[in-house]
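Chemist: Got a structure for you, questions after.
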Amino acid sequence: MLRAHTSDRRQRRSYDRDTATHYLLVHVADQFGLEAFAIADEDGALQATSTDSPSGDALSTLLAQYSPALSCRVNTPRSALLEALETDLEHLGMGWTQDEVMVREFHVDGQRMLLTAVGEPGTMREVGVYRTIMGIRRIWHEAHDVQAA
């Protein structure tokens with residue numbers, strides 16, 4: 001696993017948007033047995049990750065770069081993209097398959113974002129992704145409100 005933190009997110013709060021987001025991602029990944037989360041903007045730029053190691057950063061950057069294409073908003077066949085991602089993951093020493101990588105689009109204050117989750121397919125991954133998206137919306141909306149004040 002690539003995560004370094006295992007403490008309860010409630011014991012590690014932050015009013016900084018990026019830090020709070022990282023804590024949320026780490027907590028949900030641990031709670032739902034997921035390997036990694038990466039949040040990207042619609043251009044594939046990494047915005048947040050559940051990892052905090054050099055290999056985790058490389059993984060998150062890679063996942064973010066692929067996320068716009070994997071969200072099916074482009075005309076490239078999804079299977080070809082997933083095969084390319086698998087090859088790139090192998091180069092990083094990660095042995096995940098296509099089924100273990102999932103991308104979900106969501107919006108925060110009108111901004112399109114992409115959440116990539118890596119982990120065992122199934123209900124628990126879906127629940128973890130839902131909880132993550134709801135938490136990110138809350139954190140980022142509160143941060144936006146503070147900036148606007």
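Chemist: Order of 14-22, 111-119 by packing, highest average Cβ count within 10 Å first?
Modeler: 111-119, 14-22
Chemist: Now for a separate question. What percent of all Cα-Cα pairs in segment 12-143 falls in each 10 Å bin, counting up from 0?
Modeler: Percent of Cα pairs in each bin: 13, 47, 33, 6, 0.
Chemist: By average Cβ neighbour count within 10 Å, what is the ranking of 44-55, 61-72 from highest down?
Modeler: Details: 44-55: 18.0, 61-72: 20.8.
Packing proxy ranking, top to bottom: 61-72, 44-55.
Chemist: Given Cβ point charges of +1 (Lys, Arg) and -1 (Asp, Glu) and nothing else, what value in debye, to the nearest 20, does the dipole of segment 12-143 about its Cα centre take?
Modeler: Value, rounded to 20: 540 debye.
The numbers here are math on the coordinates, done by the rules we state, and not lab data. Here the structure is a predicted model, which is why all the values come from computation and not from measurement. Positions of Cβ are generated from backbone atoms using ideal geometry, with glycine treated the same way; all protein chains shown enter the neighbour counts.
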